[in-house]
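What follows is one structure encoded as structure tokens, with my remarks underneath.
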Amino acid sequence: MVRMAQEWSLRYPLVDGQGNFGSIDGDSPAAMRYTEARLQKIAEELLIDLNKDTVDFQPNFDDSLQEPIVLPSKIPHLLMNGTSGIAVGMATNMAPHNINELTTGILAYIDNPEITVAELMEYVLAPDFPTGGIIYGYQGVRAGFEKGRGRVIMRGRAEIETTRSGKEQIIVTEIPYLVNKANLIEKTADLIRDKRIEGISDIRDESDRDGLRIVYELKKDAIPNVVLNNLYKYTQLQSTFSINNVALVKGRPMTLNLKELIHYYIEHRHEVVVRRTQYELNEAEKRAHILAGLLVALDNLDEIITLIRAAKDPEEARLQLVSQFSLTEIQAKAILDMRLQKLTGLERNKIVEENNQIQATIAQLKEILNDESKRMTIIKEELKEMQEKYGDERRSEIVHAAEEFRDEDMIPNDSMVITISQGGYIKRTALSEYRVQSRGGVGSKGAKTKEDDFTEHLFVATNHNYLLIFTEKGKVFWLKVYTIPEGSKTSQGRAIQNLIQMETDDNVRAVINVETLNDPDYVNNHFLVMCTQNGTIKKTSLEAYSRPRQNGINAITINEGDKLLEVRLTNGDSHIIIAVNSGRAIHFHEEGVRPMGRMATGVRGIRLEESHEHVIGMVCVSQEDTQLLVVSEKGYGKRSEVSDYRITNRGGKGVKTMNITEKTGNLVAIKDVVDTDELMIINKSGITIRMKINELRVMGRATQGVKIIRLNKNDEISSIAKIEPVEEIEALEDEVTETE
């Protein structure tokens with residue numbers, strides 16, 4: 001009875017409880033002496049016509065009473081409120097549904113008994129749970145409706161809000177059906193303590209009599225969508241309801257689909273209408289029989305009065321009435337029981353009028369019993385009445401999504417600038433935050449770093465891409481771009497050790513932006529070309545790195561005294577150019593490097609002549625119109641044609657790529673660019689500048705180049721990145737320009 005009074009347990013509660021009937025937190029109800037209860041109006045619809053021989057009765061557990069086997073149920077209660085139970089060798093678990101949808105679906109079935117389950121699902125959309133929430137994915141719903149078995153994924157309703165102080169919160173206002181709120185909060189706190197879920201600083205239960213409200217306070221660097229998806233993944237904020245529509249049909253358990261459930265409900269209601277009509281007909285005929293006797297008595301009033309007065313007792317009077325006026329025992333008894341006031345003229349008219357009404361009722365009831373369409377019309381009218389009285393809006397929202405959700409489903413695939421500092425801090429910033437500036441500008445403040453730290457890696461990727469992070473010790477780690485904390489241009493970022501499990505004495509040396517690791521055609525036809533600081537080069541198929549592991553794997557075997565410097569993604573038909581800090585570069589075809597295993601060391605790419613020489617970069621060129629951009633540490637740079645560099649065999653010492661002087665400083669970067677690219681430069685003090693490549697004129701490979709950024713005294717260029725423009729980025733830039 002307690003459960004029937006709980007609005008979070010039944011979609012349409014059947015009992016109106018006064019007092020403590022428990023809570024969604026699992027609190028126990030008060031003892032029965034402290035509570036009161038009465039039936040809800042809707043519960044009376046289950047019992048109506050119970051006294052009209054509409055259903056069969058059976059003895060109760062101790063044979064002291066008779067109880068109905070089933071209820072007449074003017075409403076489809078089994079579907080409306082669902083049920084769950086376990087018997088010997090079988091179980092049932094039926095979901096609650098919305099009355100409006102159910103009655104509309106049943107009416108559609110009555111009008112067209114050949115309707116399919118798919119057509120019924122246009123009316124009965126999905127289960128409708130009392131606690132609301134979101135039904136995530138339709139596959140389980142469809143299976144439940146079509147086969148009688150299915151798994152419905154339920155999610156709590158959550159919204160991301162920002163407080164006045166700028167803090168972000170996840171607000172949960174609805175939780176999945178049958179989930180205990182207190183247990184949900186407690187287990188979530190345990191997961192946060194065990195660091196299974198990160199990014200949450202506090203949990204508060206702000207629920208009151210106006211509704212449910214759970215608040216998750218987020219940490220400053222947390223990504224709300226990622227935290228929310230982790231809550232869905234690891235807590236009961238997402239749970240499943242296993243539909244198992246087992247019901248007794250004529251005493252036999254059967255698994256029923258939606259159409260069969262509706263069919264047997266209509267069959268039951270049809271039987272109830274027939275038995276009720278037959279009962280009412282029998283009662284009407286009984287009354288008509290008595291009225292016929294009373295009319296005989298009124299027509300022969302004087303003779304009957306004389307007969308009764310002459311009789312010595314009621315029994316003799318009854319026998320004489322039966323024999324002299326051809327009445328039945330029942331009619332004779334009714335005449336003897338008749339009060340004298342019935343003999344007045346007005347009362348006589350009432351009896352005649354009642355008899356006429358009874359005869360009309362009998363004719364109508366017989367017509368119903370003889371015409372199935374009239375019985376179906378009655379069922380439809382009663383269903384419409386129930387719909388008008390108790391119909392309400394759906395509570396559970398339906399989201400048609402894949403059953404297996406991915407975090408990126410809720411994250412826009414925007415272009416981001418990824419910044420990694422030499423000290424190991426990483427962040428992502430929306431590309432639109434950077435304004436396009438002219439060559440030679442002072443630049444805008446880009447990355448706030450510590451005094452002894454500077455930005456070392458800077459590139460553009462989209463939120464859904466994979467980042468393959470290579471360290472100088474030759475290990476590789478995987479990271480989704482959207483999992484990197486987002487920050488402004490001036491923020492420091494987050495220590496990369498918090499995101500990947502790299503060794504404390506290791507450093508990030510290269511990051512590869514990969515579109516996908518799930519497409520076999522893509523991973524088998526792309527290669528990773530690696531270059532070390534001492535000039536060793538190695539090529540390996542991307543497929544060898546397509547199985548992400550949380551702890552990372554060895555990407556290349558590094559010799560003692562060497563370290564991994566650069567990694568590039570190629571299609572197997574690229575030209576490779578390796579440059580050293582002294583201004584030399586070597587140019588050879590990728591075919592000169594055979595593919596090797598993941599653990600191989602590699603082969604010589606360029607010969608180093610002086611002890612102070614080391615490789616500063618490598619590019620892999622595949623486009624004919626691609627040019628080489630070289631930048632020195634004191635702000636000089638230039639473009640030159642790739643054709644200026646003659647193709648040689650790998651392992652040589654190369655040719656001059658820039659005239660290195662004290663004015664230019666050593667070479668710090670080499671990039672492959674085209675006219676439509678843009679360049680982003682960042683120096684060790686954190687100043688950034690973004691400029692168009694076509695502002696740099698093409699010059700000979702042996703020249704020193706032109707000044708591309710003005711540097712303060714003792715400042716040097718840290719790194720550069722090229723940006724390949726896309727329509728989305730251009731649109732963002734237009735918006736930035738308009739707002740400025």
Every listed condition ((1) closer than 27 Å to E382 by Cβ; (2) in contact with a Pro (Cβ under 7 Å, 6 or more places away or on another chain); (3) among the hydrophobic types (A, V, I, L, M, F, W, C); (4) surrounded by fewer than 22 Cβ atoms within 10 Å (Cβ to Cβ)) holds for A95 save (4)
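Report whether or not S582 is part of a loop (DSSP other than H, G, I, E, B), touching a residue at least 60 places away in the same chain (Cβ under 8 Å) and either under 29 Å from K475 (Cβ atoms) or assigned by TED's automatic domain parsing to the domain that holds E695 (or both).
Working: part of a loop (DSSP other than H, G, I, E, B): yes; touching a residue at least 60 places away in the same chain (Cβ under 8 Å): yes; either under 29 Å from K475 (Cβ atoms) or assigned by TED's automatic domain parsing to the domain that holds E695 (or both): yes.
Yes, satisfied.
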So which pairs qualify, if the first residue must be in segment 649-666 and farther than 17 Å from L629 by Cα, the second must be surrounded by fewer than 15 Cβ atoms within 10 Å (Cβ to Cβ), the Cβ gap must be under 9 Å, and the two must be at least 6 apart or on different chains? R650/H589; R650/R604; G651/R604; K653/E609
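Can you name every residue in segment 66-92 that is part of a loop (DSSP other than H, G, I, E, B) and surrounded by 10 or more Cβ atoms within 10 Å (Cβ to Cβ)? Working first, answer last.
In the first step, residues of segment 66-92 are kept if they are part of a loop (DSSP other than H, G, I, E, B); the result is 69-76, 81-82, 88-89.
Correct list: I69, V70, L71, P72, S73, K74, I75, P76, N81, G82.
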Consider I135 carefully, then state whether it is crowded, with 22+ Cβ neighbours inside 10 Å, within 20 Å of S396 (Cβ to Cβ) and over 25 Å from the mean Cα position of the chain (by Cα). no
If you go through segment 553-570, how many residues are in a loop (DSSP other than H, G, I, E, B), in contact (Cβ under 8 Å) with a residue 60 or more places away in the chain, surrounded by fewer than 19 Cβ atoms within 10 Å (Cβ to Cβ) and not polar (S, T, N, Q)? 1
Taking E503 as meeting all but one of (1) at pLDDT below 90; (2) of a type outside the set (V, I, T); (3) closer than 23 Å to I720 by Cβ, write down the number of the exception. (3)
Scan (1) touching a strand residue (DSSP E or B) at 6+ places or on another chain (Cβ under 8 Å); (2) within 29 Å of L248 (Cβ to Cβ) for the single condition F61 breaks and write down its number. (1)
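Out of the residues in segment 293-350 that are assigned to a helix (DSSP H, G or I) and of a type in the set (K, R), which is surrounded by the most Cβ atoms within 10 Å (Cβ to Cβ)? Quick ask: steps written out before the conclusion?
Here is the first cut: in segment 293-350, the ones assigned to a helix (DSSP H, G or I) are 293-299, 301-310, 314-325, 329-337, 340-343, 345-350.
After this cut, where a residue has to be of a type in the set (K, R) as well, the list is 309, 318, 333, 342, 348, 350.
Values: R309: 8, R318: 19, K333: 17, K342: 15, R348: 16, K350: 11.
Per the stated criteria, the residue is R318.
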Scanning segment 221-234 for residues that are out of contact with any Asp or Glu (no Cβ under 8 Å at 6 or more places or on another chain) and in contact (Cβ under 8 Å) with a residue 40 or more places away in the chain, which turns out farthest from I197 (Cα to Cα)? D221
Going by the conditions given, is K539 over 17 Å from K475 (Cβ atoms), among the basic types (K, R) and in contact with a strand residue (DSSP E or B) (Cβ under 8 Å, 6 or more places away or on another chain)? yes
Of the criteria (1) under 45 Å from the mean Cα position of the chain (by Cα); (2) buried (at least 19 other Cβ atoms within 10 Å of the Cβ); (3) under 30 Å from L542 (Cα atoms), which one V642 fails: (1)
Failed criterion for A222 (all others in (1) surrounded by 18 or more Cβ atoms within 10 Å (Cβ to Cβ); (2) in a helix (DSSP H, G or I) hold): (2)
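Residues being assigned to a strand (DSSP E or B) and in contact with a Phe, Trp or Tyr (Cβ under 6 Å, 6 or more places away or on another chain): count how many of those fall in segment 155-195.
Here is the first cut: in segment 155-195, the ones assigned to a strand (DSSP E or B) are 155, 157-162, 168-174.
When the remaining residues are screened for being in contact with a Phe, Trp or Tyr (Cβ under 6 Å, 6 or more places away or on another chain), the result is 155, 170.
Number of matching residues: 2.
Determine whether I42 is of a type outside the set (S, T, Y), in a helix (DSSP H, G or I), closer than 30 Å to G140 by Cα and in contact (Cβ under 8 Å) with a residue 40 or more places away in the chain. Before the answer, list the steps.
Values: of a type outside the set (S, T, Y): yes; in a helix (DSSP H, G or I): yes; closer than 30 Å to G140 by Cα: yes; in contact (Cβ under 8 Å) with a residue 40 or more places away in the chain: yes.
Spelling it out, I42 is indeed of a type outside the set (S, T, Y), in a helix (DSSP H, G or I), closer than 30 Å to G140 by Cα and in contact (Cβ under 8 Å) with a residue 40 or more places away in the chain.
Per-residue answers, yes or no, for (1) at pLDDT 85 or above; (2) in a strand (DSSP E or B); (3) touching a Pro at 6+ places or on another chain (Cβ under 6 Å); (4) among the acidic types (D, E):
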site: L608; (1), (2), (3), (4): yes, no, no, no
site: V619; (1), (2), (3), (4): yes, yes, no, no
site: E624; (1), (2), (3), (4): no, no, no, yes
site: G651; (1), (2), (3), (4): yes, no, no, no
site: I682; (1), (2), (3), (4): no, yes, no, no
site: I689; (1), (2), (3), (4): no, yes, no, no
Go through (1) part of a helix (DSSP H, G or I); (2) touching a Pro at 6+ places or on another chain (Cβ under 9 Å); (3) over 30 Å from P127 (Cβ atoms) and name the single condition E285 misses. (2)
Within segment 237-255, residues in a loop (DSSP other than H, G, I, E, B) and crowded, with 20+ Cβ neighbours inside 10 Å come out as L237, N245
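Kindly check whether there is at least one residue in segment 65-86 that is of a type in the set (V, I, T) and either over 28 Å from E280 (Cβ atoms) or in contact with a Pro (Cβ under 8 Å, 6 or more places away or on another chain) (or both).
Just the residues of segment 65-86 that are of a type in the set (V, I, T), to begin with: 69-70, 75, 83, 86.
Imposing the further condition that a residue be either over 28 Å from E280 (Cβ atoms) or in contact with a Pro (Cβ under 8 Å, 6 or more places away or on another chain) (or both) reduces the set to 83, 86.
Within segment 65-86, one or more residues are of a type in the set (V, I, T) and either over 28 Å from E280 (Cβ atoms) or in contact with a Pro (Cβ under 8 Å, 6 or more places away or on another chain) (or both).
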Given (1) more than 12 Å from G652 (Cα to Cα); (2) surrounded by fewer than 19 Cβ atoms within 10 Å (Cβ to Cβ), where does R607 come up short, assuming only one miss? (1)
Within segment 167-201, can you find the residues that are farther than 22 Å from I24 by Cβ, in contact (Cβ under 8 Å) with a residue 40 or more places away in the chain and not basic (K, R)? E168
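The values are calculated or read from the model by the stated rules, or taken from the named source; none is laboratory data. The structure displayed is predicted, hence computed values, not measured ones. Methodologically, a virtual Cβ is constructed for each residue, glycine included, from the backbone with ideal geometry; neighbour enumeration extends over all protein chains shown.
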